[in-house]
Structures are given as C-alpha cells and as structure tokens.
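What follows is one structure encoded as structure tokens, with my remarks underneath.
The values are calculated or read from the model by the stated rules, or taken from the named source; none is laboratory data. In this text, all values refer to a predicted model and were calculated from it rather than measured experimentally. Virtual Cβ from ideal backbone geometry, glycine too; neighbours counted across all protein chains shown.
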Amino acid sequence: MTLPNSEAPVLDPETGGVADAAAILRAGGLVAFPTETVYGLGADACDGHAVARIFAAKERPTFNPLIVHVPDLDAALEIGVFNDDAVRLARAFWPGALTLVVPLQPGAGISDLVTAGLDTVAIRVPEHPFAHTLLVAVGRPVAAPSANPSGRVSPTTAAHVLEGLGGKIDAVLDGGACPVGLESTIVNPARPVRLLRPGGLPLERIEASLGMSVRIPDPDTDGITAPGQLKSHYAPSAEIRLCATDRREGERVLGFGEVECDLNLSKSGDLTEAAAALFAALRTLDASGAGRIAVTPIPETGLGRAINDRLRRAAAPRPV
Ligand code: TXA
Ligand code: MG
C-alpha cells in the first residue's frame, strides 16, 4: 500500500483530537471530519474566507451550495425556517443521514457562499459521535461538503481524504470508516415534498413517517433541483457498465449477492452492507488499474436507490 502524500496532520479523537479540530475551525481553518455518511470538509459557515477555502480546496463550482451541520434541531431552527413537515422529519430522523432544504432564517449570519446566494439553506444534524462532539465544541454552524476533490468519489476513511485533499486542508479528524457509506438523503419539505438526492436514509422510511408519497423530480422536466446533482459525478477513473450479467474483455466485475465477481459489495445481498462498501470498492478497483468495471444488478429499493444513483453518475459520460 502506498501512503497518502499529505501534509495535513491526522487528529486522533482518543487523544484530544476533537478539541484541536474545534480550535482550528473556530480560527477559520479547514478540518475534514467523520460523519456516519461520508467524511465532510468543514469550515465555520459564518466565515466567508473559511468557506471560500473549501471551494478552492475542492475546486468546486461556487454555484453549488454547501450543507450546514449543527448539533441539534434547536441550533437548526436558528438558521432555517421549519414548516410542520420539516419538524416532523427532523424529529423522526435527526441525528441521522437526512439533509433538509428549508428557507434561510433572515439574519442567520450564514455566508452567502454557503447558500450560493439562494434563499434556502441545506441543514443536517449528523449522528456520528465525533461529529456531534465537534459541532458542540465549535459552537457555530459548520459548512461541510464531502471531503473529496469536486466530481470524485466521496471519502469514507481518513486515508481517502488525505489521498484527495491532503495538501490543501489544515487537518483530518480520524474516526475510522463511515458506517453508512453514502451521502445523506436530501429532502425539500415544502409541499409537494421533494426528494432532491437519494442517500443514506431510504425514501420508504421518509414516506412512512410523513404518511404521504414524496415527489421524485424529473431532471429533464423539473431542471436540476439540487445544484450539485450534475449527471456525471462520483467518478472513478475507470469506465463503468451497469446491470452487467456477463463479463466482457478487460473488465473487472463488482458484484452484489451470489454472483461470480472480483469484488463483492455484499455476498448475502444486504443493501446496508453494500452501501457501506461501495465507495471504497470503486477506489480499490480503480487502484488495481482496471480500465473497465462491470457492476452486476442491484435492486432499486431502500438503499439500492442511492447506490444505483451513485453508480449511474459514475457511469455517465464525463465532461471534457
Ligand atoms: O452526507 C452528506 O450529505 C455529506 C456529509 C459531509 O454531511 N455532505 C455532502 O455534501 O454530501 P455535498 O456538498 O457533497 O452535497 C451537498 C448537496 C449538493 O448536491 C448541493 O447542491 C445540495 O446539497 N444543496 C446544498 N444546499 C442546497 C440548497 N439550498 N438547495 C438545494 N440543494 C442544495
Ligand atoms: Mg459531494
């Protein structure tokens, strides 16, 4: 294994790393930190200079807004306006893998760069214990996109973060592998309630909690509803072929369930296990020099919806 070429210090939560990370964030620095979904690249959401550094480090287009992370619903109510459906979803699923896009509370002090000038803000309360302790210690909202160069696969370990951004950030808080492994589900709770991005919280659970169906916008007729949802995204270097039922010349096969393959996301066909393994598997196959990756079929239910969404983006033609 090659060690990541990185200058950023790795902070250990067992030896005061969370307090160090909080101090760096309060001083306007950039710290990558673990959440249950993926690692985020954090900055003080009220500090425009700090937020600008996130866009520079990731080479992220500035029209693509960031998610604001807070420790609890009370802190969220200070920056967003919550209708009844929003409060219901927050009570049901926070802390957890759900991001709510709500109207921005006037005077909340969030940098315009975070919202890309929109009058809405995306808010999330992560469940990961180190993320929670960190947010409490910072005492301010923390803007954090996934801690990867724009357009690449999201990191689910501190080593992934260092591979992509090591030379461009001030530190990474190492909390081991992220248990969910896929980014949060993004919902706009203004009626009709809309799913802006499938993710680590299955749609079925959201619909059961609300007692109604959630609209899935059609990008062709509704336009792009989450500005970051460009068709080609989450891209490994290898070419990807989906729903593969055979192996073609030069392909490595990424499998799901009882199939013949080079790497299996879950031999028992468990979608939770597959989600947690997905991004690391794409990196492993990429690093093995596979020019082409064929992926066997994955059901379009529960977490399968988000897994297939990420794979379709990984398979989409890349902008040149
Ligand atoms: O699990 C996650 O959500 C991770 C962890 C770190 O929390 N974060 C994450 O952030 O995936 P990012 O930046 O990679 O994705 C955020 C998405 C983008 O597609 C962005 O366009 C969308 O959220 N977004 C942010 N603010 C929005 C808004 N006001 N309206 C619509 N979409 C918004
Ligand atoms: Mg991202």
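Quick notes on this one:
- When restricted to residues that are out of contact with any Pro (no Cβ under 9 Å at 6 or more places or on another chain), touching a residue at least 40 places away in the same chain (Cβ under 8 Å) and not in a helix (DSSP H, G or I), segment 15-32 contains 3.
- Cross-chain or 6+ apart pairs with Cβ under 7 Å, segment 140-159 first and on the phi < 0 side of the Ramachandran plot and assigned to a loop (DSSP other than H, G, I, E, B), then of a type in the set (K, R) and near ligand 2 (Cβ under 9 Å from one of its atoms): P145/K58; P145/R60; P149/K58; S150/K58; S150/R60
- Members of segment 103-115 found to be surrounded by 15 or more Cβ atoms within 10 Å (Cβ to Cβ) and of a type outside the set (S, T, Y), listed by number: P103, L104, Q105, A108, I110, L113, V114
- The set of residues in segment 200-236 being assigned to a loop (DSSP other than H, G, I, E, B), modelled with pLDDT of 70 or more, of a type in the set (A, V, I, L, M, F, W, C) and buried (at least 17 other Cβ atoms within 10 Å of the Cβ) consists of L201, V214, A235.
- Subset of segment 33-83 [aromatic (F, W, Y), part of a loop (DSSP other than H, G, I, E, B) and over 23 Å from F130 (Cβ atoms)]: F63, F82
- Boolean, C178 is part of a loop (DSSP other than H, G, I, E, B) and either crowded, with 16+ Cβ neighbours inside 10 Å or at pLDDT below 95 (or both): yes
- Test result for P61, within 13 Å of ligand 1 (Cβ to nearest atom) and surrounded by fewer than 19 Cβ atoms within 10 Å (Cβ to Cβ): yes
- Take the conditions (1) more than 16 Å from ligand 2 (Cβ to nearest atom); (2) in contact (Cβ under 8 Å) with a residue 24 or more places away in the chain; D119 misses just one of them, which is (2).
- Top-ranked residue of segment 64-88 - restricted to ones that are of a type in the set (A, V, I, L, M, F, W, C) and buried (at least 24 other Cβ atoms within 10 Å of the Cβ), ranked as farthest from G29 (Cα to Cα): A86
- Complete set of residues in segment 97-131 that are near ligand 1 (Cβ under 10 Å from one of its atoms), within 15 Å of the chain's Cα centre (by Cα) and over 18 Å from D84 (Cα atoms): A97, P126, H128, A131
- Some residue of segment 93-104 being hydroxyl-bearing (S, T, Y), part of a strand (DSSP E or B), within 23 Å of G48 (Cβ to Cβ) and within 16 Å of ligand 2 (Cβ to nearest atom): yes
- Residue check, G164 buried (at least 24 other Cβ atoms within 10 Å of the Cβ), more than 10 Å from ligand 1 (Cβ to nearest atom) and free of Cβ contacts under 8 Å to residues at least 40 places away in the same chain: yes
- Restricting segment 287-320 to residues that are touching a strand residue (DSSP E or B) at 6+ places or on another chain (Cβ under 8 Å) and of a type outside the set (G, A, S), the residue that is farthest from P179 (Cα to Cα): R292
- Note on segment 133-161: residues that are farther than 18 Å from A287 by Cα and surrounded by fewer than 20 Cβ atoms within 10 Å (Cβ to Cβ) amount to 6.
- Residues that are within 16 Å of ligand 2 (Cβ to nearest atom) and among the aliphatic types (A, V, I, L, M) were ranked within segment 132-171; the one that is farthest from the chain's Cα centre (by Cα) is I169.
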